[in-house]
Every structure is written in C-alpha cells, then in structure tokens.
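The structure appears right after this line, and notes come after that.
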Amino acid sequence: MTCPISGKPCVKYKGFHVTEKVGEKVQDHSVCEDCLYSTSTKNIQIMDDNGTCSSCKTPLNDILKGERVGCVSCYNQFNKTMGHIIDALQGGHELSHKGDPPRLWKIEQAEKTDPSQFATELSREIEAAIDWENYEAVPLLKEKLEKFRSLIKKYETADEGQASSIRREIAEFVFNYREWITGLGPQKSS
C-alpha cells in the first residue's frame, strides 16, 4: 500500500488520522506512525542549543520523535523549538496552540510571583469588580486578599524550616486564585 502523504510504499498499520487543507480542499488520510513523524517534523526548526533537558535528561530528539515531554522544565528549556513542533503538527502559522499549560508549570510561575505585586493585583481586582458593579464578587475578593495577607505575615514571622513550606502554600494560593479568577471574570451588570 502507498502512503498518501509520502507517496512511498508502506505496509505498516495506519493508526493515525490526518486531515490536510490544501488550498480550499480538505483531504483525509490514514497513516502509520513513521509516515506521520516524517511529515510532521520536516518543518520543525531546532532553535534550542542544548539537546537534553537539564532536569529530567529527556533528549530533544526523543520529543521530536513523538515521545512525551519529560517534565515542566522541558517546556521552558525547549521553548523555541516547542513552538515549531506545535506549528508543524497543527498545520502551520495560521493555527495556534490554545491548550492549557501544565498545572506544575503554572504553580512554578506562581512561585516566581512577587507577593507585594500580587497583593496589588488583588486590590485592583476588587476595584475592577466595583467598577463593573459586580458586587457579589467584592466580598469574595476581599476575603481572598485578607487570607493572602495573613499568609504573608505568617511567612515573614516563620523560621527557616517553616519558610519554604509557607512559600509553597503562598504559590498554591496564587495558582488557585488565578484559576478561580479566570472562571469568575469581571461581569458587567445589565
């Protein structure tokens, strides 16, 4: 049997479904893993210098061969190449990846958040809720701000042994708040 993408003979199991848009025509193909890999990686530009993740030691070549990303650090270390992988697998620059980043990566970003800036962010959310006349959200936001301030006080008075666990608790709070607020959003009263 001939591969519909490469045009070469291929007798392997065709377990992957590919939909291609060529001009205004949409074509559906069933291909094997090897043909899928060869066609999806031909447009990938390797932009990262180091070919191995510094945390989990996953080689970039393994990710390019279709294996799973090893850890959160892979996303950071292979950031530029990952963009090209997504473009190649999703059909080019007219499409964009809209998936949710991994939870651990979001928590890692929350750990990098400056507590004073986050307190300011919370205060601004309260002001925005008032401006949008979303009075139901105001007490919830104020409660979150008070809880965050109490965590900061707890962190400032903690000894070295407790400080790292409280810092992690602060990061979890920031993460959970950001997840909560994206579901809440400012809602304008009619």
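The values are calculated or read from the model by the stated rules, or taken from the named source; none is laboratory data. Given the structure is predicted, the values throughout are model-derived calculations rather than measurements. Cβ atoms come from the backbone with ideal geometry, glycine included; neighbour counts cover every protein chain shown.
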Go through (1) modelled with pLDDT of 90 or more; (2) touching a helix residue (DSSP H, G or I) at 6+ places or on another chain (Cβ under 9 Å); (3) among the small types (Gly, Ala, Ser) and name the single condition Ser150 misses. (2)
What's the number of the only condition in (1) modelled with pLDDT under 70; (2) surrounded by 12 or more Cβ atoms within 10 Å (Cβ to Cβ); (3) under 26 Å from Met82 (Cα atoms) that Pro4 fails to meet? (3)
The residue that is modelled with the lowest pLDDT, considering only those in the stretch 18-72 that are among the aliphatic types (A, V, I, L, M), outside any loop (DSSP other than H, G, I, E, B) and surrounded by 15 or more Cβ atoms within 10 Å (Cβ to Cβ), is Leu36
